[in-house]
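Enquirer: Once you've had a glance at the structure underneath, I'll fire off some questions.
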Amino acid sequence: MEIIGAVAQLFFFFGALALANTLWAYYQSPIKKIPGPFLAKFTNLWRFFDNWGGRPELTHQLLHAKYGSAVRLGPDLVSLSDPALMRKIYDSRGQFRKTEFYSVNDAKVGSTIISNVFSTRSNADHTQKRSLLTQFYKMSHLLKSESLVDDTIDSFCKHLDRFADEGTVCKMDEWLLFFAWDVISQLTFSRPMGFMDEGKDYSGLLGTADKALDYFSVIGQIPALDKWLAKNPIMPIGPPSFDAAAGFCAQQSISRQQAGEKTEGKRDMLDDFLQLKKQNPLTMDDNGVIGAVLVNVLAGADTTAIVLRAVVYYTLKNPIIYRKLQQELDDANLTAPLAYAAVSKLPYFDAVIRESCRFHPGVGLLLERIVPDTGLQLADGTFLPAGTKVGMNPWVIHKNKTIYGQDAESFRPERWLRNEEGGETDEAYAERLATMKRNDLCFGTGKRVCIGKDISIMEMYKTMATLFKNYEMNLVDPEKEWHVQNSWFVRQTGINVKVQRRKPIIA
């Protein structure tokens, strides 16, 4: 009994010590006056469980509506929504470094931790990685491989034709994901993953990627847990994380190197990465190749599929928008395969794509950064000292009524066009459009803007133009809402569609 009593006293002592330390940290905190949920002031467990709930972007919107432009989401984390601070936090030099949240996205192959151009916290490392890779992600380079995207779109259309002929329901949320993965695989490996041909996640890779993102979004709220879970060197704990996908990418690289250089066919991005390794062995090793391919595989498909789903869902929910979009595509007299250069110049179609990116951006968490030595002054005079973690959520910024209008909570593509009926001048429109574009966080901004942005944009424009030009689509149940799950990427399910072939409408 004496031993039990001693143990109880020990637990009480350490519990009291932990409580005292928490209270001391709270009262000494330089950000204690910033409002937010009560528990968030003391522990990161509040945001851990909020993310676990699956809709943190809605929580952030409600909190900013209640508390204003600065909300405390953790003992040392502040969510900001003042657009004037965007260029400071996400500047072109990267003075505000990424937080340890992103370290959870590092992959472990064997005993080696592999960071990538997305996850690295080092500005020097990021600059080196991006300077090597960026040439392959520019639109001018990607357009040389546009035919690979055309081939995948053609394959997608053949599957949609089957749904039309059979009169069966197409689970469009799934098929857009299958398509997006097959496209990025075509660009990266010169062959599709085969998800469309199989009509399912036959390899389990899509499920693994989803679980990795579920893990990343929740465990990332307390990054130290990752070292005890997925990156535990003795016994990894938890669901499949980025390691499984990294293993797949490593195998692709090894197989390509063993096969030797291609003698036929077009170069793909894996060829480009391996050529970089050959030319720059000191700065691009095997792990660098794996990291580059991993970013393509995990980020290149999901972000695109999310916006593609948003375009389909919100357009089908709005018959007027739908008909206006189809009429513009018909009047353009486009010929297959639809070229990016042609469809990107269609004003209303462009507005629908931009509005989909605004209304349902792919990322739904804070783009976290660390305040540098200079500190950060807020509009009300509040000073955030060095080391404070800050960030903005695209779902909060994109609903800002000052930037996007009083109807920012509505899906309205016309906001991206000049308001001729309202007498808006060209100069006023140009200024308003520039402001909206400047605050677009769909692909991030500043030094760490998404490297694959142009891949996604080309894919969105070509695919959506083809679908709306060639098919009549209707939601099976127009009144039913889709299901949304925020695990960093704000993924959607439940877009059941009936598909029919269509002929152009002659105006």
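The values are calculated or read from the model by the stated rules, or taken from the named source; none is laboratory data. It should be emphasised that the depicted structure is a prediction, and the values quoted were computed from it without experimental measurement. Neighbour counts run over all protein chains shown; Cβ positions are idealised from the backbone, glycine included.
Enquirer: In segment 114-138, which residues are more than 19 Å from the chain's Cα centre (by Cα) and farther than 22 Å from M193 by Cβ?
Expert: Result: S122, N123, A124, D125, T127, Q128, K129, S131, L132, Q135.
Enquirer: A follow-up question, please. Only one of T168, T208 is out of contact with any Asp or Glu (no Cβ under 8 Å at 6 or more places or on another chain) and more than 26 Å from D271 (Cβ to Cβ); which?
Expert: Of T168, T208, the one residue that is out of contact with any Asp or Glu (no Cβ under 8 Å at 6 or more places or on another chain) and more than 26 Å from D271 (Cβ to Cβ) is T168.
Enquirer: Of the numbered conditions (1) modelled with pLDDT of 90 or more; (2) surrounded by 14 or more Cβ atoms within 10 Å (Cβ to Cβ); (3) basic (K, R), K144 satisfies every one except a single condition; which is it?
Expert: For K144, the failing item is (2).
Enquirer: Given the options V109, V117, name the one that is at pLDDT below 95, surrounded by 14 or more Cβ atoms within 10 Å (Cβ to Cβ) and within 22 Å of D214 (Cβ to Cβ).
Expert: The match here is V109.
Enquirer: Continuing with the same structure: Quick check on R432: is it touching a residue at least 40 places away in the same chain (Cβ under 8 Å) and either surrounded by fewer than 22 Cβ atoms within 10 Å (Cβ to Cβ) or within 18 Å of the chain's Cα centre (by Cα) (or both)? Working first, answer last.
Expert: Details: touching a residue at least 40 places away in the same chain (Cβ under 8 Å): no; either surrounded by fewer than 22 Cβ atoms within 10 Å (Cβ to Cβ) or within 18 Å of the chain's Cα centre (by Cα) (or both): yes.
Considered against the rule, which asks whether it is touching a residue at least 40 places away in the same chain (Cβ under 8 Å) and either surrounded by fewer than 22 Cβ atoms within 10 Å (Cβ to Cβ) or within 18 Å of the chain's Cα centre (by Cα) (or both), R432 comes out as no.
Enquirer: Shifting gears a bit: Can you pull out every residue in segment 184-242 that is under 24 Å from D454 (Cα atoms) and not hydrophobic (A, V, I, L, M, F, W, C)?
Expert: S185, Q186, T188, S190, R191, P192, G194, D210
Enquirer: Just to be sure, is R358 within 18 Å of S456 (Cβ to Cβ), part of a helix (DSSP H, G or I) and either touching a helix residue (DSSP H, G or I) at 6+ places or on another chain (Cβ under 6 Å) or at pLDDT below 95 (or both)? Lay out the reasoning, then the answer.
Expert: Working: within 18 Å of S456 (Cβ to Cβ): yes; part of a helix (DSSP H, G or I): yes; either touching a helix residue (DSSP H, G or I) at 6+ places or on another chain (Cβ under 6 Å) or at pLDDT below 95 (or both): no.
No.
Enquirer: Now for a separate question. Considering only residues that are among the aliphatic types (A, V, I, L, M) and surrounded by fewer than 23 Cβ atoms within 10 Å (Cβ to Cβ), which ones fall in segment 344-362?
Expert: L346, A351
Enquirer: I would also like to ask the following. Considering segment 33-80 alone, what residues qualify as being among the aliphatic types (A, V, I, L, M) and over 18 Å from G387 (Cβ atoms)? Walk me through how you get there before you give the answer.
Expert: Pass one, segment 33-80, residues among the aliphatic types (A, V, I, L, M): 34, 39-40, 45, 58, 62-63, 65, 70-71, 73, 77-78, 80.
Across segment 33-80, the qualifying residues are L39, L45, L58, L62, L63, A65, V71.
Enquirer: While we're looking at this one, here's another question. On the given criteria, is D201 closer than 22 Å to R491 by Cβ, surrounded by 18 or more Cβ atoms within 10 Å (Cβ to Cβ), in contact with a helix residue (DSSP H, G or I) (Cβ under 6 Å, 6 or more places away or on another chain) and of a type in the set (D, E)?
Expert: Numbers: closer than 22 Å to R491 by Cβ: yes; surrounded by 18 or more Cβ atoms within 10 Å (Cβ to Cβ): yes; in contact with a helix residue (DSSP H, G or I) (Cβ under 6 Å, 6 or more places away or on another chain): yes; of a type in the set (D, E): yes.
Yes.
Enquirer: As an exercise: evaluate L338 against (1) surrounded by 20 or more Cβ atoms within 10 Å (Cβ to Cβ); (2) assigned to a helix (DSSP H, G or I) and give the number of the one condition it does not meet.
Expert: Status for L338: all satisfied but (2).
Enquirer: So in segment 170-194, with the set limited to residues that are without any contact (Cβ under 8 Å) to a residue 60 or more places away in the chain, outside any helix (DSSP H, G or I) and touching a helix residue (DSSP H, G or I) at 6+ places or on another chain (Cβ under 6 Å), which one is surrounded by the fewest Cβ atoms within 10 Å (Cβ to Cβ)?
Expert: Residue satisfying both the conditions and the ranking: P192.
Enquirer: With the condition kept exactly as written, say whether any residue in segment 195-205 is aliphatic (A, V, I, L, M), touching a Ser or Thr at 6+ places or on another chain (Cβ under 8 Å), in contact (Cβ under 8 Å) with a residue 12 or more places away in the chain and within 25 Å of D271 (Cα to Cα).
Expert: For segment 195-205, residues aliphatic (A, V, I, L, M), touching a Ser or Thr at 6+ places or on another chain (Cβ under 8 Å), in contact (Cβ under 8 Å) with a residue 12 or more places away in the chain and within 25 Å of D271 (Cα to Cα): present.
Enquirer: Among the residues of segment 28-54, write down those that are closer than 26 Å to V484 by Cβ and buried (at least 16 other Cβ atoms within 10 Å of the Cβ).
Expert: Within segment 28-54, G36, P37, A40, N44, W46, R47, F48, D50, N51, G54 meet the criteria.
Enquirer: Name the pairs: first residue in segment 151-169 and within 18 Å of I495 (Cβ to Cβ), second residue surrounded by fewer than 15 Cβ atoms within 10 Å (Cβ to Cβ) and acidic (D, E), Cβ to Cβ under 9 Å, at least 6 apart or on different chains?
Expert: As it stands, the answer is H159/D197; A164/E472, since those pairs meet every condition given.
Enquirer: Can you say whether T208 is touching a Pro at 6+ places or on another chain (Cβ under 8 Å), under 21 Å from Q252 (Cβ atoms) and either crowded, with 22+ Cβ neighbours inside 10 Å or among the hydroxyl-bearing types (S, T, Y) (or both), as far as the supplied structure shows?
Expert: It is true that T208 is touching a Pro at 6+ places or on another chain (Cβ under 8 Å), under 21 Å from Q252 (Cβ atoms) and either crowded, with 22+ Cβ neighbours inside 10 Å or among the hydroxyl-bearing types (S, T, Y) (or both).
Enquirer: Next up: Residues of segment 181-192 being under 14 Å from T304 (Cβ atoms), touching an Asp or Glu at 6+ places or on another chain (Cβ under 7 Å) and not polar (S, T, N, Q), which ones?
Expert: Across segment 181-192, the qualifying residues are V183, L187.
Enquirer: Pairs, please: C-beta under 6 Å, at least 6 apart or cross-chain, first residue closer than 22 Å to A342 by Cα and in segment 465-494, second in a strand (DSSP E or B) and of a type in the set (A, V, I, L, M)?
Expert: So the pair list comes out as Y471/V499.
Enquirer: Which condition breaks for Y404 when tested against (1) among the hydroxyl-bearing types (S, T, Y); (2) over 26 Å from G220 (Cβ atoms); (3) over 23 Å from the mean Cα position of the chain (by Cα)?
Expert: Unmet condition: (3).
Enquirer: Just a yes or no: is a residue in segment 438-456 farther than 29 Å from G220 by Cα, out of contact with any strand residue (DSSP E or B) (no Cβ under 6 Å at 6 or more places or on another chain) and either surrounded by 17 or more Cβ atoms within 10 Å (Cβ to Cβ) or of a type outside the set (A, V, I, L, M, F, W, C) (or both)?
Expert: Checked segment 438-456: no residue is farther than 29 Å from G220 by Cα, out of contact with any strand residue (DSSP E or B) (no Cβ under 6 Å at 6 or more places or on another chain) and either surrounded by 17 or more Cβ atoms within 10 Å (Cβ to Cβ) or of a type outside the set (A, V, I, L, M, F, W, C) (or both).
Enquirer: Further, regarding this structure: Could you grab me the full set of residues in segment 194-236 that are polar (S, T, N, Q) and within 25 Å of G391 (Cα to Cα)?
Expert: S217, Q221
To keep it simple, each residue is scored yes or no on (1) polar (S, T, N, Q); (2) farther than 16 Å from Q257 by Cβ; (3) within 18 Å of the chain's Cα centre (by Cα); (4) surrounded by fewer than 23 Cβ atoms within 10 Å (Cβ to Cβ).
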position	(1), (2), (3), (4)
F273	no, no, no, no
K278	no, no, no, yes
N287	yes, no, no, yes
L294	no, yes, yes, no
L298	no, yes, yes, no
D302	no, yes, yes, no
I306	no, yes, yes, no
V311	no, yes, yes, no
L316	no, yes, no, yes
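Enquirer: From the residues in segment 117-138 that are of a type in the set (F, W, Y) and outside any helix (DSSP H, G or I), which one is nearest to L276 (Cα to Cα)?
Expert: Y137
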